[in-house]
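Shown next, in structure tokens, is the structure this report addresses.
The values are calculated or read from the model by the stated rules, or taken from the named source; none is laboratory data. Predicted, not measured: the structure shown is a model, and the values here were computed from it. Counting neighbours? That spans all protein chains shown, and the Cβs are built from the backbone with ideal geometry, glycine included. Heavy atoms of the whole protein, side chains included, go into the accessibility calculation; ligands, DNA and RNA do not. Shrake-Rupley method; radii C 1.70, N 1.55, O 1.52, S 1.80 Å.
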Amino acid sequence: MPSPIRFIFALHNHQPIGNFGHLFERSYQESYLPFLDVFSEYPAVKLTLHTSGSLVEWLAVEHPEYLDRLAGLVAEHRVEIVGGPFFEPVLAMLPSRDRIGQIRKYGDWLRTRLGASVRGIWTPERVWEQSYVRDLAEAGIEYTILDDSHFKNAGVPESALWKHYLTEDEGKTLCIFPGSEPLRYLIPFRPIEETLEYFARQSELHPGAVLVHGDDGEKFGNWPETYGTVFGERWLHRFFQMLSENADWVRSTTPGETIDAVEPLGTVYLPDGSYREMTEWVLPPESQNDLRRISKEMEHHGLWPTIRKFIRGGFWRNFKVRYPESNEMYARMMYISARLQRLEREGRNIDPAKLEQARESLYRGQCNCGYWHGAFGGVYLPHLRNAVFRELIQADEALDAAENLPKSRVETEVGDFNFDARSEIKLENENLTAWFAPHSGGTMYELDLKSIAHNLLATMTRRPEPYHTLIQSSDGETRTDANGNRIVFKQEGLHNRVQYDSYPRKSLVDLFYDADLRFETVRFGNAWQHGSFVGAAYDSVIRKKPGRLQVLMSAEGIAYGAPIRITKGITLNAGGTMLEVAYRLENLPRDYRMHFAIELNFAGMPGGADDRYFQTADGRKLGDLGTNLDLYEARDLALVDDWLGLKTSLVFSRETNLYAFPIESVSQSDGGFELVHQSVCVQPHWLIEPDENGTWEIEFDWSFETAQHPT
């Protein structure tokens with residue numbers, strides 16, 4: 001008989017905040033439930049299970065019987081429950097107060113509902129920074145599981161990855177288990193015998209080894225083509241049967257049992273990092289391609305196994321650089337977290353119940369999945385971004401209530417809200433909050449509609465991705481590549497739909513076009529800019545009157561080679577549901593007409609549905625929100641989303657031409673490549689005829705009618 005070893009079978013089950021209910025249900029029926037059914041048949045096997053808080057709350061409502069079964073297995077000491085930050089944030093993006101708060105909150109929930117004594121956490125996305133240790137220890141955590149690649153990056157050789165280690169920060173200690181990459185690829189994708197052979201080799205090399213499988217639970221049934229093999233062909237039954245038959249030397253155990261019985265192999269300090277693929281995805285596209293090309297060229301070189309462990313990818317936090325949209329959510333989250341902390345410290349006349357309501361929404365808005373992009377849609381998925389902003393807006397509203405702010409008010413705040421060392425402006429009343437970046441073209445980059453907790457500017461700018469080369473070089477047909485990977489196109493013609501934007505798709509973007517410009521040129525992003533105002537620095541002042549505030553921004557620049565000045569004012573009244581927008585262009589040449597446009601974007605209002613449509617003031621519908629519009633001499637336009645409960649209207653002071661078209665990205669998700677609606681772009685535009693002073697003006701009212709979501 002081989003020498004005894006310990007085997008920890010750890011699974012991580014997760015669904016993000018904002019994911020569709022039918023996807024929760026499908027994962028439950030295809031993975032979580034059948035797995036538990038099979039596991040229950042094999043009493044000799046133990047399971048280490050992490051279920052994210054966003055998923056467990058759904059289970060508590062939709063399938064409480066599943067949680068009842070888990071509680072029974074916990075009481076039988078067959079399942080060890082692993083905790084973590086409640087709503088699965090990447091810990092690197094949280095201040096310490098929220099790291100500790102989320103972990104403690106979830107530990108309390110798990111103890112109450114499942115009777116679990118929570119000693120360890122699942123580190124979301126295995127993103128590790130050494131500073132976690134003191135916060136995890138402060139939260140009462142004794143261990144976590146990371147990939148073996150973290151240890152290899154610290155110089156730990158493969159031959160020393162057979163047991164857990166101790167690590168330390170500021171005198172606080174934590175046990176860390178290296179999850180086995182070979183086991184992640186064997187289970188459940190290879191024949192059972194190969195896993196048993198791996199166990200036997202490790203037993204021979206390292207008697208008393210502690211081997212850890214730590215990976216997503218969804219790969220048991222919910223990942224493409226796994227349900228048939230795992231359950232239909234009974235792979236999981238045979239795997240548990242193998243463990244049961246070899247229990248005399250493969251001892252099924254848990255991390256808690258292990259740290260109670262087995263000394264750590266030593267102490268190690270791990271460099272910041274994540275799993276290998278994540279460190280590649282965070283790199284700029286050209287660096288990703290370089291790394292993959294070098295890896296491909298070197299993979300058969302005799303020295304590659306030695307060289308490979310010294311090659312590093314990128315740093316997770318740089319997703320906030322690669323995707324400014326991620327930083328927008330992060331900065332908004334940090335603003336609320338700091339505000340919550342400030343109100344807690346003040347204490348006086350603050351409603352504690354509202355503070356807890358705000359904290360709950362803040363924690364939900366920290367769910368990581370919408371903040372980055374890799375093999376699944378992530379930040380490219382509007383419903384994930386919308387869900388983050390919904391929670392953050394609701395948190396802000398709860399803090400307003402906690403402070404007992406006046407019901408009718410208008411106020412402004414200036415500060416470096418997005419951590420770029422330049423000042424932004426917040427303009428707010430009880431119904432709307434608008435955020436402006438004077439230094440970035442005088443744009444409005446966030447617009448919150450409080451009654452429906454919706455950011456109308458949760459947009460996405462289209463930029464190059466490494467997989468776009470593959471898409472553009474294909475014929476759009478699903479196929480299998482040379483490495484056996486299926487390349488799936490979820491819509492036809494995607495190879496012709498890849499487009500990039502030359503500026504952020506926000507609002508109040510000031511554009512100058514050719515006089516004879518065709519609509520198709522604008523729609524496909526090929527319009528030449530004859531002005532220097534996109535991204536330019538605007539000066540700003542705030543003008544105040546009782547119950548009324550105006551953000552006034554101005555810049556001098558070049559249009560068609562001539563020096564001109566643009567001034568734009570955005571006014572908000574206390575109690576109002578409308579932004580009053582006014583533009584003034586000065587020093588215009590009188591010998592030719594400039595073609596001037598203002599870009600506005602509307603996020604979270606997708607096309608292709610009858611209940612989301614363009615409408616004129618007289619009630620005439622102009623098509624769904626995916627329609628391309630090229631209108632002449634209009635005075636108004638409305639966008640209606642009956643599902644969201646929103647009608648937003650533009651009414652102009654003079655006859656206006658209008659372009660409208662969808663902004664759609666081609667992005668990668670776990671199911672393949674897909675076209676994703678990101679926003680509706682509306683561009684009012686004019687051939688300017690200046691007055692005798694070389695001046696031209698336009699005003700428009702931008703109003704919002706909202707109703708509570710029907711569900």
| What does the charge add up to near Ser54, with Lys and Arg as +1, Asp and Glu as -1, over the other residues with Cβ less than 10 Å from its Cβ? | -1
| DSSP bridge pairs, the stretch 118-258: antiparallel proportion in percent, nearest 5 | 40
| request: Using only Cα atoms, locate the centre of the stretch 185-202 and the centre of the stretch 42-77, then give the distance between them in Å, rounded to an integer. | output: 26
| query | What does the charge add up to near Thr521, with Lys and Arg as +1, Asp and Glu as -1, over the other residues with Cβ less than 13 Å from its Cβ? | reply | -2
| query | Against the longest principal axis of the chain, how steep is helix 64-75, in degrees 0 to 90 to the nearest 10, with axes from Cα atoms? | reply | 40
| said: Using only the heavy atoms of the protein chains and a 1.4 Å probe, how would Tyr275, Tyr363 rank by accessible area, largest first? | reply: Tyr275, Tyr363
| With all protein chains present, how much of the accessible area of the chain (probe radius 1.4 Å) comes from carbon and sulfur, to the nearest whole percent? | 49
| request: For the stretch 526-575 and the stretch 339-389, compute the distance between their C-alpha centroids and round to whole Å. | output: 31
| remark: Taking Cα atoms only, helix 96-114 is inclined relative to the longest principal axis of the chain by an angle, in degrees rounded to 10, of 60
| said: Give me P(r) over the stretch 152-251, computed from all C-alpha to C-alpha distances, binned every 10 Å, as integer percentages. | reply: 13, 40, 30, 15, 3, 0
| said: Taking the solvent-accessible surface of protein heavy atoms with a 1.4 Å probe, what is the per residue accessible area of the chain in Å²? | reply: 40
| task | Give me the angle, in degrees from 0 to 90, between the Cα long axis of helix 324-346 and the longest principal axis of the Cα atoms of the chain, rounded to the nearest 10. | result | 80
| With labels modelled as points extended 7 Å from the Cα through the Cβ direction, what inter-label distance (nm, one decimal) is found for Asp475 paired with Asp290? | 3.5
| said: Debye calculation, C-alpha points only, no solvent: report log10 I(q)/I(0) for the stretch 393-520 at q = 0.15, 0.17, 0.20, 0.21 Å⁻¹, in the same order as the q values. | reply: -0.89, -0.98, -1.14, -1.21
| request: At q = 0.14, 0.18, 0.20 Å⁻¹, work out log10 I(q)/I(0) for the stretch 603-711 with the Debye formula, treating every Cα as an identical point scatterer and leaving solvent out; two decimals please. | output: -0.64, -0.92, -1.06
| task | Work out the FRET efficiency for Arg308 and Trp249 from their Cβ-Cβ distance, taking R0 = 35 Å, and round it to the nearest 0.05. | result | 0.60
| Gain upon complete extension [Glu492, Ala338; 0.36 nm per residue less C-alpha separation] | 50.8 nm
| message | On the principal axes of its Cα set, how long, how wide and how thick is the chain? Give whole Å, largest value first. | response | 99, 63, 45
| remark: Only helices counted: for the chain, with every DSSP H run of 4 or more residues adding -39500 (n - 2.57) and the sum spread over all residues, [θ] at 222 nm is -8500 deg cm²/dmol
| For the stretch 507-596, which trypsin sites (Lys or Arg not before Pro) are both in a DSSP coil and crowded by at most 13 other Cβ atoms within 10 Å? | Arg518, Arg590
| message | Tell me the net charge near Gln357. Cut-off is 10 Å between Cβ atoms, Gln357 excluded, with +1 for each Lys or Arg and -1 for each Asp or Glu. | response | -2
